[in-house]
Amino acid sequence: ISSLLKAPLTTRRKLLVLWWYLCILVALPLSPLTRQRRIYCGGFVIEGFDLATLRFLYEETFLRQEYNVQLGKAPYCIDAGANIGIATLFIKWLYPDAHVLAIEPDPATVALLRKNIERNKLTNVTVFHGAISDSAGHLSLYIHPTKPGSLKMSTFARKGMTVPVQVPTERLSTLLEQAGWSHVDLAKIDIEGAEWQVLRDLTESDWLTKVRQYVI
């Protein structure tokens, strides 16, 4: 909450963020019975796999304001590791005219990502279903056998993430060139261990310094 209070938001918006959080906390104990998997915030309806995960994502994004950096009126933003799209929605809440490239490799999660974008009628949002790395091709994404959309899924096998799923890979620099962008105002990169490959690609392609702010 201290992060929220220090955030560059109006008092009204800060109170709204706290109100939406209170609504989540009230609904959470009943979620095993109600099977609630949607939250309402910022004028958006956000659907997830379960309310507990939605609470975590909400705390990270709206409450702790981890991606609230000062940008222009119509910034160009990357949401790498977009999951169900809360960071994308947060950016559009702050900057309705923002252009967003949302990147998510998991098939089940990217379906919810697209659903949240379409349901909330977001414009200027492009979704790439795949992983980003320092080369194009395919790789194995390791997911949980019974928990779709787990936040711990990774391109590296580790505890709990034991089911490999083949997903396409592409260089982030290639995606940016295909989009016709000349710069990036914000690159949010949360891709569970593959950040170094992406930074290598951005360095080799001369895109590293065309990104004005990173949240990694």
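The values are calculated or read from the model by the stated rules, or taken from the named source; none is laboratory data. No experiment lies behind these values; they were computed from the predicted model shown. So basically every Cβ, Gly included, is an ideal-geometry build from the backbone, and we count neighbours across all protein chains shown. Surface areas here come from the heavy atoms of the whole protein model, side chains and all, with no ligands, DNA or RNA. Shrake-Rupley method; radii C 1.70, N 1.55, O 1.52, S 1.80 Å.
Some observations on this one:
- The chain, accessible surface, carbon-and-sulfur percent (1.4 angstrom probe): 56
- Placing unit charges on the Cβ atoms only, positive for Lys and Arg and negative for Asp and Glu, gives segment 27-108 a dipole magnitude near 260 debye about its Cα centre.
- All other residues whose Cβ lies under 12 angstrom from that of residue 189 are scored, Lys and Arg at +1 and Asp and Glu at -1, for a net of -4.
- With all protein chains in place and ligands, DNA and RNA left out, the 1.4 Å accessible area ranks 150, 135 as 135, 150, largest first.
- Rounded, prolate or oblate (a/c below 1.5 giving rounded, otherwise prolate when a/b exceeds b/c) for segment 130-216 by Cα gyration tensor: prolate
- Relative to the globular-protein estimate of 2.2 N^0.38 Å, the Cα radius of gyration of the chain stands at 1.01.
- Its relative contact order, with pairs defined as Cα atoms under 8 Å and 6+ residues apart, puts the chain at 17 percent.
- Anisotropy class of segment 1-123 from Cα gyration tensor, a/c 1.5 cut: oblate
- Under 10 Å, Cβ to Cβ, from residue 66 - net charge with Lys/Arg +1 and Asp/Glu -1: -1
- Residues listed by number, segment 70-84, amide nitrogen under 15 Å from residue 179 label point at 7 Å toward C-beta: 72, 74-83
- Residues 49, 44, 156, ordered by accessible area of protein heavy atoms at a 1.4 angstrom probe radius and largest first, appear as 156, 49, 44.
- Annotation for segment 126-176: trypsin sites (Lys or Arg not before Pro) lying in DSSP loop with at most 15 further Cβ atoms inside 10 Å of their Cβ are 152, 159.
- Ordering 5, 89, 113 by Cα displacement along the dipole of segment 1-134 toward the positive end leaves 5 in first place; charges were set at the Cβ atoms of Lys, Arg (+1) and Asp, Glu (-1).
- Put a plus charge on the Cβ of each Lys and Arg, a minus charge on the Cβ of each Asp and Glu, and nothing anywhere else: the dipole of segment 72-160 about its Cα centre is then about 320 debye.
- Counted charge near residue 208, where neighbours are those whose Cβ lies closer than 14 Å (Asp, Glu -1; Lys, Arg +1): -1
- Annotation: amide H of residue 103 within the under-5 Å range of 79, 80, 81, 82, 128, sequence separation 5 or more or interchain, hydrogens built in the peptide plane.
- Structure note, pairs 115/188; 73/188; 6/121; 6/73; 121/152: Cα-Cα distances above 23 angstrom occur for 6/121; 121/152.
- In loop segments of segment 75-150 as defined by DSSP, the trypsin sites (Lys or Arg not before Pro) with at most 10 further C-beta atoms inside 10 Å of their C-beta are 121.
- Here the extension length gained between residue 6 and residue 108 equals 33.2 nm, from 0.36 nm per residue of separation less the Cα-Cα distance.
- Accessible surface of residue 183 - all protein chains present, 1.4 Å probe, nearest 10 Å²: 40
- Rounded FRET efficiency, nearest 0.05, which uses the C-beta distance separating residue 52 from residue 18 and R0 of 22 Å: 0.70
- With q set to 0.25, 0.30 Å⁻¹, the log10 of I(q)/I(0) for segment 38-93, from the Debye formula over equal scatterers at the Cα positions, is -1.10, -1.46.
- Using C-alpha pairs below 8 Å separated by at least 6 residues, the relative contact order for segment 120-167 is 38 percent.
- Rounded Å value of the spacing that divides the Cα centres of segment 73-110 and segment 51-69: 13
- Surface analysis of segment 1-57 yields an accessible area of 63 Å² per residue, using protein heavy atoms and a 1.4 Å probe.
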